[in-house]
Amino acid sequence: MMRKPDWLTPAPDSAVANTIRRGKSAWTDGIHLLWSVWIFITPMFSGGYTWRWLWLTCATYPVFLLLFAMTLLAPRRAAGFWAVGMAAMGTALLPVYPAAISYFVFGCVMLRPGSHSIVWQMTRLLLLNAVFLAVASRVGYPWQALVWVPVMTMILGIVITIERVNHEKDAALKLSHDEVRRLAGLAERERIGRDLHDLLGHTLSLVALKSELAGKLVTSDPVAARREIHEVTKVAREALTQVRSAVTGIRAAGLAAELASARLLLETDAIAFVYTIVPVLLPPAQEAVFAMTLREAVTNIQRHARARSAQVVLQVDGRDVLLRIVDDGRGGAIAPGNGLCGMRERIEALGGRLRIDSGRQGTCVEARLPLQTTPDRFAPDVPDAAAAS
């Protein structure tokens with residue numbers, strides 16, 4: 001198998017890398033190449049298809065594709081260089097190749113802000129258009145082209161620039177959410193590790209001492225020996241109960257991380273966040289479903305609800321475990337998209353139900369799963385936990 005060249009590997013801060021971090025295909029931006037069809041349509045309005053147009057197209061279109069790819073694969077600080085090269089190629093070809101206007105437009109649109117401000121981005125667009133106008137007017141292009149090309153490149157350049165800045169912010173926010181989940185899980189594991197160390201260290205020392213004492217008393221005082229052995233059994237059972245309680249904390253780490261991520265996402269968007277979690281031991285599959293349901297609901301609140309506050313409650317309701325997510329946003333009809341359908345399918349696969357009420361006073365999402373109380377389950381005896389922003 002041929003090895004892909006290093007220059008085709010997207011840089012960590014490239015447009016393709018940001019697209020992949022948003023969970024989309026690396027080929028997503030390739031859809032914009034459909035607009036290059038104008039390169040093959042332009043001759044219909046400017047002298048027809050000639051042999052000169054054919055060989056110039058065969059010579060320049062591959063170069064255009066290479067420059068287009070490099071604007072998406074190159075590091076953020078270098079992407080603008082390839083876009084300017086594309087615009088320069090289009091400007092230079094204007095005297096002999098009218099279809100080169102498309103190269104110039106692509107070059108202006110593919111400019112990325114880089115590490116500079118949007119003001120500098122607009123300045124670069126103005127300079128490129130000034131050079132284009134100078135060359136096009138000298139060659140004798142019609143006044144219509146001298147008007148619509150700069151206007152179109154400026155409008156598209158501004159729109160695409162703002163869109164890319166927002167996408168990069170979304171990618172950075174997603175990374176911060178993933179980091180919060182990772183750190184929350186790591187902190188929880190460290191806490192459980194310390195608890196188990198303290199618990200088992202004390203318990204095993206006590207078991208060792210009582211077992212040694214029982215061994216010494218077994219011949220001289222059998223009654224006392226039996227009492228010590230009974231104490232060893234009691235200590236061991238208590239230790240088992242406490243270990244199960246600690247494991248409950250480990251299994252709750254996924255939901256805890258999701259709550260931490262939800263708080264970060266909503267409060268960053270000035271949405272007050274309150275949650276109340278009743279301690280209940282969930283099987284890993286149920287907890288994973290609740291965590292994904294919480295993530296989907298909170299994402300919808302942040303993107304669409306225009307809410308001022310949101311509340312999450314996890315409680316036992318009869319024979320069910322109920323997760324309720326409520327916001328005070330605009331509500332309204334909800335279109336069953338992929339996120340909602342996937343949420344419902346995951347819950348129903350575990351024998352649960354999903355209900356969504358969306359009115360003028362906000363939206364309420366309720367996910368119910370059957371409470372599992374098999375003999376090997378353990379619910380820790382701890383008070384209700386609540387947190388408020």
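The values are calculated or read from the model by the stated rules, or taken from the named source; none is laboratory data. On a predicted model such as this, the values are computed, not experimentally measured, just so you know. Here Cβ is always computed from backbone atoms with ideal geometry, including for glycine, and neighbour counts include all displayed protein chains.
Do we have any residue at all in the stretch 220-230 that's basic (Lys, Arg), modelled with pLDDT of 80 or more and farther than 30 Å from Arg263 by Cβ?
yes
Please verify whether the stretch 105-115 includes one or more residues that are assigned by TED's automatic domain parsing to the domain that holds Gly157, buried (at least 21 other Cβ atoms within 10 Å of the Cβ) and more than 16 Å from Leu156 (Cα to Cα).
Among the residues of the stretch 105-115, not one is assigned by TED's automatic domain parsing to the domain that holds Gly157, buried (at least 21 other Cβ atoms within 10 Å of the Cβ) and more than 16 Å from Leu156 (Cα to Cα), which makes the answer no.
Within the stretch 294-310, can one find any residue that is among the hydrophobic types (A, V, I, L, M, F, W, C), part of a loop (DSSP other than H, G, I, E, B) and assigned by TED's automatic domain parsing to the domain that holds Pro370?
Our first condition is that a residue be among the hydrophobic types (A, V, I, L, M, F, W, C); within the stretch 294-310, this holds for 294, 297-298, 301, 305, 307, 310.
Among the residues that remain, those that are also part of a loop (DSSP other than H, G, I, E, B) are: 307.
Next cut, assigned by TED's automatic domain parsing to the domain that holds Pro370 only: 307.
Within the stretch 294-310, one or more residues are among the hydrophobic types (A, V, I, L, M, F, W, C), part of a loop (DSSP other than H, G, I, E, B) and assigned by TED's automatic domain parsing to the domain that holds Pro370.
Restricting to the stretch 201-221, name every residue that is surrounded by 15 or more Cβ atoms within 10 Å (Cβ to Cβ) and under 21 Å from Val243 (Cα atoms).
Once the filter is applied, which keeps residues that are surrounded by 15 or more Cβ atoms within 10 Å (Cβ to Cβ) and under 21 Å from Val243 (Cα atoms), the stretch 201-221 yields Thr203, Leu206, Val207, Lys210.
Tell me the residue from Leu146, Leu213 that is assigned by TED's automatic domain parsing to the domain that holds Ser25 and modelled with pLDDT of 75 or more, please. Walk me through it before giving the result.
Details: Leu213 fails: assigned by TED's automatic domain parsing to the domain that holds Ser25.
Going through Leu146, Leu213 in turn, the sole match is Leu146.
Does Ala291 satisfy the condition of being closer than 14 Å to Glu366 by Cα and assigned to a strand (DSSP E or B)?
Spelling it out, it is not the case that Ala291 is closer than 14 Å to Glu366 by Cα and assigned to a strand (DSSP E or B).
Please find, within the stretch 311-334, the residue that is nearest to Ala272 (Cα to Cα) out of those that are of a type in the set (Lys, Arg) and assigned to a loop (DSSP other than H, G, I, E, B). Steps first, please.
Of the stretch 311-334, the ones of a type in the set (Lys, Arg) are 319, 324, 330.
Narrowing further to those that are assigned to a loop (DSSP other than H, G, I, E, B): 319, 330.
Working: Arg319: 31, Arg330: 16 Å.
It comes out as Arg330.
Among the helices (runs of 4 or more DSSP H) lying completely within the stretch 8-81, list those that include at least 2 residues that are more than 23 Å from Gln121 (Cα to Cα) and touching a residue at least 12 places away in the same chain (Cβ under 8 Å).
Numbers: elements: 15-21, 38-41, 51-73.
Answer list for the stretch 8-81: 38-41, 51-73.
List the pairs whose first member sits in the stretch 259-275 and is under 11 Å from Leu294 (Cα atoms) and surrounded by 17 or more Cβ atoms within 10 Å (Cβ to Cβ), whose second member is polar (S, T, N, Q) and modelled with pLDDT under 80, and whose Cβ atoms are under 9 Å apart, counting only residues at least 6 apart or on separate chains?
Qualifying pairs under 9 Å: Ser261/Ser176.
Going through Trp51, Trp38 one at a time, which residue ends up being assigned by TED's automatic domain parsing to the domain that holds Thr161, touching a Ser or Thr at 6+ places or on another chain (Cβ under 9 Å), at pLDDT 80 or above and not β-branched (Val, Ile, Thr)?
That would be Trp38, the only listed residue that is assigned by TED's automatic domain parsing to the domain that holds Thr161, touching a Ser or Thr at 6+ places or on another chain (Cβ under 9 Å), at pLDDT 80 or above and not β-branched (Val, Ile, Thr).
Within the stretch 47-64, can one find any residue that is of a type in the set (Val, Ile, Thr) and farther than 19 Å from Pro98 by Cα?
No, the stretch 47-64 has no match at all.
Could you tell me whether Leu111 is outside any helix (DSSP H, G or I) and closer than 20 Å to Leu65 by Cβ?
yes
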